[in-house]
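Values quoted throughout were computed directly from the atomic coordinates according to the rules given, and no laboratory measurement underlies them. The structure displayed is predicted, hence computed values, not measured ones. Reconstructed Cβ throughout: ideal geometry from the backbone, glycine too, with neighbour counts over all protein chains shown.
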Amino acid sequence: MSTPADAADPDLGPAPAGAASKTIQAIRGMHDVTPARIDAWQRLEDTARAVLTGYGYAEIRTPIVESSDLFKRSIGEVTDIVEKEMYSFLDRNGDSLSLRPEGTAGCVRAVIENGLLTQPQRLWYRGPMFRHERPQRGRYRQFHQLGVEVFGLTGPAIDLEVILLTARLWRALGLTGLRLEINSLGDAPERAAYREELVCFLDGHRDRLDADSRRRLTTNPLRVLDSKSPETAAIVAGAPALLDRLGAATRDHFADIRAGLDAAAVPYRINPRLVRGLDYYNRTVFEWITDDLGAQGTVCAGGRYDGLVAQLGGPSTPAIGFALGIERLVDLLELTPRGAPSALDAYLVAVGERAQREAPLLAERLRDAVPGLRLMTHCGGGSFKSQFKRADKSGARVALVIGDNELERGVIGIKPLREAAEQRELDLLQTAALLTAARTASGEVV
């Protein structure tokens, strides 16, 4: 069905008054990451990669588009994600496909399909996820996650490792104020017995439950424990606790994790109402929470999901993982005091026709000599004064100056831009040594 060209689009917002002046904007809830904000994104991604590599985790990359059945079978057909939030469509063959709403299911499908479960796997991934939710700060329709999935390892040691790994990541990023909440959901038989007891309890208060919780009584009653409705939360406070219904093996597993956290001096709080939003979790679940981002305070969450691999057609395989929200952590990083973003090391100013021809080649020689050098070459001509203004505006530490005279004598002018110092002249090797020393002194990896 067609609509007038100037009609309002609910996802794009109101259309401009004149169709001729209408511009195309990003879809509501989907955002550009501009150069002004990219430093925090890159710092998070680079730090996470270094931490994960240090623990022996290998990167995996999976498609953004998967079969819709993958998420129906893993997340659950009667969840909000599958029922209301997935971006699903029929392709030309009539197959139902979906943009991935989370990363675990695709990773499980990948390790099964590629025969990776013959030995334990420690994997990580990052990328965009998609859910059609009401956009607000920290909750977007396209959002980015960095996730970890571990396959083939049983026992509490690996549960402890993934939690300690996240704690180390916060320290490496300089983030403080994050608090850890943990719980155990027990094994399937324990959870099934508890579910019956919980439904019986909640059914006695059905008239006072919010609409979502009444619906969940017949689909996923454990989710009622995490209700944000104040009246429902007050009812849930009196509900029986799953932790009190765990068997000896599950209790011991949870106790070992708590003992490890105590020994590592990682503070935590046991939250008996922490159930996580996806159906596939069992035993250990955890969340890292902040009070600095308003309503969207969970920045990292995960847990054990020992039945999911078999549920998706693979061999029975224990598994645990987590996902952290990149946008939310970037927001936290931007609230954390820090020095200026990493600047250019140098800006190459070239005055004169010959110098402008030689400048790109000189820049390549310097990049060869100084690994990781951040060097911008002026392009487009202009006077010495205008180029110097551009060099200063770039944020570079020094300006490298060449003209026909410097080329004849085989030297490069070096003018510090962030401190009061006179310009001097060095040859190519001396210039490379100076830039290398400056990067080393500033803590840069060379």
Mean-position separation - Cα centroids, region 280-319 and region 49-84, in angstrom: 11 Å
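Between residue 197 and residue 376, what length comes free when the chain is fully extended (0.36 nm per residue of separation minus the Cα-Cα distance, one decimal in nm)?
Working it through step by step, the gained length comes to 57.8 nm.
Sorting 290, 218, 377 on the 10 Å Cβ count, fewest up front, what's the list?
So the residues, fewest neighbours to most, are 218, 377, 290.
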For region 387-393, Karplus couplings with θ = phi - 60° (6.51, -1.76, 1.60), whole Hz, Gly/Pro x: 5, 5, 4, 5, 4, 5, 5
Centre separation in Å (Cα based) which lies between region 162-202 and region 213-236: 17 Å
Rg ratio (alpha-carbon, reference 2.2 N^0.38 Å) - the chain: 1.24
Built amide H within the under 5 Å cut-off of residue 126, gap 5+: 147
For region 346-441, the fraction of alpha-carbon pairs in successive 5 Å shells from zero, as %: 2, 14, 27, 29, 20, 7, 1, 0
Partner lysines for residue 415 [C-alpha distance under 24 Å; skip if fewer than 8 residues away on the same chain]: 385, 389, 393
Degrees between helix 156-173 axis and first principal axis of the chain (Cα, 0 to 90, nearest 10): 40 degrees
In Hz, Karplus ³J(HN,Hα) per residue of region 37-52 (6.51, -1.76, 1.60; θ = phi - 60°; x = Gly, Pro): 10, 5, 4, 5, 4, 5, 4, 4, 5, 5, 5, 4, 4, 5, 5, 5
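Provide the packing ranking of 87-95, 301-309, 202-210, i.e. peptides ordered by the mean count of other C-beta atoms within 10 Å per residue, highest first.
301-309, 202-210, 87-95
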Nearest-0.05 FRET efficiency for residue 207 and residue 256, computed from C-beta distance (R0 41 Å): 0.45
Positive minus negative residues near residue 224 (Lys, Arg vs Asp, Glu; Cβ under 10 Å): +2
Derived scalar couplings ³J(HN,Hα) [region 402-408; Karplus, 6.51 cos²θ - 1.76 cosθ + 1.60; whole Hz; x for Gly, Pro]: 10, x, 4, 5, 5, 5, 4
Gained length - residue 393 relative to residue 361, 0.36 nm times residue gap less alpha-carbon distance: 9.2 nm
Modelled FRET efficiency - R0 56 Å, residue 24 with residue 291, Cβ distances, 0.05 increments: 0.90
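Output the peptides 142-148, 58-64 sorted from most to least packed, where packing is the average of other Cβ atoms within 10 Å over each peptide's residues. Walk me through the numbers on the way to the answer.
Numbers: 142-148: 21.1, 58-64: 13.4.
By packing density, highest mean first, the sequence is 142-148, 58-64.
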Candidate aspartates and glutamates for bridging to residue 72, where Cα separation is under 16 Å - those fewer than 8 sequence places away on the same chain excluded: 80, 83, 85, 95, 102, 279
Inter-site label distance for residue 132 and residue 409 at 7 Å from Cα along Cβ, in nm: 6.9 nm
Total charge dipole magnitude, the chain, about the Cα centre, Cβ charges on Lys, Arg, Asp, Glu only, Debye to nearest 20: 560 debye
Burial ordering of 129, 30, fewest other beta-carbon atoms within 10 Å first: 30, 129
Net charge over other residues, Cβ less than 12 angstrom from the Cβ of residue 88 (K, R count +1; D, E count -1): -2
